[in-house]
1. Mind checking the angle between helix 124-137 and the chain's longest principal axis? C-alpha axes, 0 to 90 degrees, to the nearest 10.
2. What is the spin-label model distance, in nm, from VAL117 to LYS132 if the labels are put 7 Å beyond Cα along the C-beta direction?
3. Within a Cβ distance under 15 Å of THR137, other residues only, what is the Lys/Arg minus Asp/Glu net charge?
4. What fraction of the Cα pairs in the chain, stated in percent, has a spacing above 19 angstrom?
5. How far is helix 44-74 tilted, in degrees, relative to the longest principal axis of the Cα atoms in the chain, given as a value from 0 to 90 rounded to the nearest 10?
6. Kindly provide the trypsin sites (Lys or Arg not before Pro) of segment 1-44 that DSSP labels as loop, not H, G, I, E or B, and whose Cβ sees at most 13 other Cβ atoms within 10 Å.
7. Find the relative contact order for segment 83-140 and round it to a whole percent, using C-alpha pairs within less than 8 Å whose residues are 6+ positions apart.
8. Please name whichever of MET56, GLY121, LEU41 sits farthest to the positive end of the charge dipole of the chain, dipole taken about the Cα centre and charges placed at Cβ: Lys and Arg +1, Asp and Glu -1.
Amino acid sequence: MNKVETSYLLWALSLFGICGLQRLYNGKIFTGLLWLFTGGLFFVGQLVDLFLIPSMVQEHNDLYQGKLARMNSVGVFAQPTMVVQQVDAPPTRQELMVLLTKSAAAHEGKISVTQAVMATGMGFAEAEEILKEMVKTGYVGITNDPETGVVVYDFREI
């Protein structure tokens, strides 16, 4: 963080012929070099800087704080922390059957294997296995869609 007092001290060196150091200090490299090689734009620019120094310092500090905040948000200066990811237990067969029943209810009591996969996140083989198990209980029937021929599981009570 730059200080206004330091900028004014560097400005005071212009009285000894070294102009523009206050600009270099506040990150204004191009104009700082221009002031250095032209005597502070023939000392006119140097006099104007006498009034601009507080705003130059504030602008530099705001820019610095912004960069620091961005770096912190990316994690460059963040304190290392241990991340513990909670892993949920996989759903039980009973919970999967409930999910399938709810999905069938949303599809007018009928569900295909693909819809079962989408509803539960299971693989095709596992979804089909559970649906066949539900057929054995008698609550679910199995048919084919007359238009597409897709196997459809019919939840009779829904």
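1. Once rounded, one gets 40 degrees.
2. Calculated label separation equals 1.6 nm.
3. Local charge sum for THR137: 0.
4. That tail contains 69 percent of the Cα-Cα pairs.
5. Value to nearest ten degrees: 20.
6. LYS3
7. Relative contact order of segment 83-140: 28 percent.
8. Positive-most Cα among the choices belongs to LEU41.
Here, each number is a calculation from the coordinates, and none is a lab measurement. No experiment lies behind these values; they were computed from the predicted model shown. Reconstructed Cβ throughout: ideal geometry from the backbone, glycine too, with neighbour counts over all protein chains shown.
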